[in-house]
Structure formats: C-alpha cells, structure tokens
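As structure tokens, the structure follows; a few thoughts come after it.
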C-alpha cells in the first residue's frame, strides 16, 4: 500500500465530506479514492469514515488520525517542492572559452532534459582547473593528455587560403626560403586553449626538429591570432570545427598526430558523476569532437 497516496485521499475526502468531491480535489477517480481509504482502514484495523448514501463523516478514530495524515501530506508536498527547486538550482560548470555559444546553448537545453540546470562559465584551461580546485565552480572540463581524457579533439593547422587537393600540411614547409619571394617567415599561432604542455611542448619540439625559428611558433589570444592568420599566410593551430567557425581552411598536420584531451574534475565526486551521467556526445559537440554536431 502507498501510505502517502492513501493519506492524500483520506485528507481530501475528510475535507469535503464526500468521496466524489474529495477524489476530484485529489485528482483521482472516485473508485481509486475509495480503494485507497479502504486499504488504509485495513492497515490500521479501524474505520476512518462512517458512510451513508449522501455523505461520509469521520469516525472518532478518523478524527484522531486526521492531524497526523495532514502532517504527512504536507511534509511530502514540501519535499516535492524542495526537490523541484533542487533540480533548478544552477550547477556552475567551467567550460573552454573556445566553445561556440550556439552549441553551449544546446548543451544547457540537453542538460535540462536530464534534470541538470547548467550555469556555464567559459574560461581558459588554467583558469578552469583553478576554479574547480577552489570550488568556485562545481565542476570543470579540464585539459588533459588526449589518451587520458573522455573526449578527444584532433588538432590541425588552418589558414585563410583554400588548400585545394592538399590533404595535410607539413610544418617543415614553413622553413625560411622554402617558398619563393615570401616577405617574412610564416608562423604557427597557438591560442590559449592549446597553451598546455601536452600540446605546446609537442609543437615546440616539432618546430625545432624541422628547423623552424623560435619566433615561428607564437602564442596569442584567439582574436589576435586569428587576425594575423586572416591577414597573412600564417596558420592557426585549432580543431576542424573551430576553423569552420572562423572561416578558415583546416588540414591535419603531416608530421604530428595532435589532439586536445578533456576530462571532468570536481571538488565533490557526486558533482563529477552528474556531468559524466550526461551523454558524452552532448558535451563532445561543444568541444569539437568530430561527428558531434548534427
């Protein structure tokens, strides 16, 4: 027997002195109200109502039990109200600043369907980790080596010129003197999202291995880096989806299999689990995981 449902029917019928009106108040059929109250009477071993053809009245036992039944119903209703408020309480999540607002909005909408009300905070990789450590956010999508992460986003180089049939770009072709009449050395721009050891250091080692000058690999803000690429033959290190958003032409790097890796971190294990419970593709779409966007 569902004691709470039975008590709701008991309280409603006692308030109206009628099974018909009480059932309507409880939003259940009259037959259901009758069965629930009968089950409650059987459970307690005593009658709650004296029934007649026109009305029902509380028995002495029913009058004694009514206050307790009301308290139980009110407590359950308060719990249900608190549960709804808890579902709507913002869950602050630090996400990469490179995520597109349109896709972040879809993430929020998808999370609500999983009873999670996200409050997104887009920042750089170092800030995300620090915000999670200091509990200023409940969870963060942090940068990790790609083989350690839940999500993997391949990186390549993007420029303003359409590469045509060229399927990959080799960093060694940026060496001085390889392209005739070039006024200056072409550069590779690294944005803050990729200014992390497992990405930056590999690019730097490749730079040295193929004989580029130190100044040919530069770190700058995404806006500044993109402006340089749009105004020159320089290249931006980025994901394919990000290149598309910026209007650039993207190719993978010939000498290097490079990728961003992401995982979830949180001060409380429960908070981490709530983010991990979302379908991985919902978050992967925002991060630029291939095939994630519909």
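List of remarks:
- Test: residue 162 is surrounded by fewer than 20 Cβ atoms within 10 Å (Cβ to Cβ), in a helix (DSSP H, G or I) and either modelled with pLDDT of 95 or more or assigned by TED's automatic domain parsing to the domain that holds residue 231 (or both): no
- Options 287, 237, 256, 246: the member that is touching a residue at least 40 places away in the same chain (Cβ under 8 Å) and closer than 16 Å to residue 149 by Cβ: 287
- Qualifying residues in the range 1-20 (those that are surrounded by 15 or more Cβ atoms within 10 Å (Cβ to Cβ) and farther than 16 Å from residue 65 by Cβ) - the one farthest from the chain's Cα centre (by Cα): 18
- Residue match in the range 194-205 (condition: touching a helix residue (DSSP H, G or I) at 6+ places or on another chain (Cβ under 6 Å) and either in a helix (DSSP H, G or I) or over 26 Å from residue 99 (Cβ atoms) (or both)): no
- Positions within the range 56-95 being within 22 Å of residue 19 (Cβ to Cβ) and touching a strand residue (DSSP E or B) at 6+ places or on another chain (Cβ under 7 Å), in sequence order: 56, 57, 58, 59, 62, 66
- Residue satisfying condition, being at pLDDT 90 or above and crowded, with 17+ Cβ neighbours inside 10 Å, within set 96, 67: 96
- Selection of strands (runs of 3 or more DSSP E) fully inside the range 1-113 by the criterion of at least 2 residues being in contact (Cβ under 8 Å) with a residue 24 or more places away in the chain returns 56-58, 91-96.
- Residue 282 in contact (Cβ under 8 Å) with a residue 40 or more places away in the chain and either in a loop (DSSP other than H, G, I, E, B) or within 23 Å of the chain's Cα centre (by Cα) (or both): yes
- Which numbered condition residue 250 fails, given (1) farther than 22 Å from residue 127 by Cα; (2) in contact with a strand residue (DSSP E or B) (Cβ under 6 Å, 6 or more places away or on another chain); (3) not in a strand (DSSP E or B): (3)
- Test: residue in the range 185-204 that is in contact (Cβ under 8 Å) with a residue 12 or more places away in the chain and out of contact with any strand residue (DSSP E or B) (no Cβ under 8 Å at 6 or more places or on another chain): yes
- Residue selected from the range 265-279 under the condition touching a strand residue (DSSP E or B) at 6+ places or on another chain (Cβ under 6 Å) and not in a helix (DSSP H, G or I), by the criterion nearest to residue 192 (Cα to Cα): 265
The values are calculated or read from the model by the stated rules, or taken from the named source; none is laboratory data. All of these numbers come straight from a predicted model, not from anything done at the bench. Positions of Cβ are backbone-derived with ideal geometry, glycine not excepted, and every protein chain shown enters the neighbour counts.
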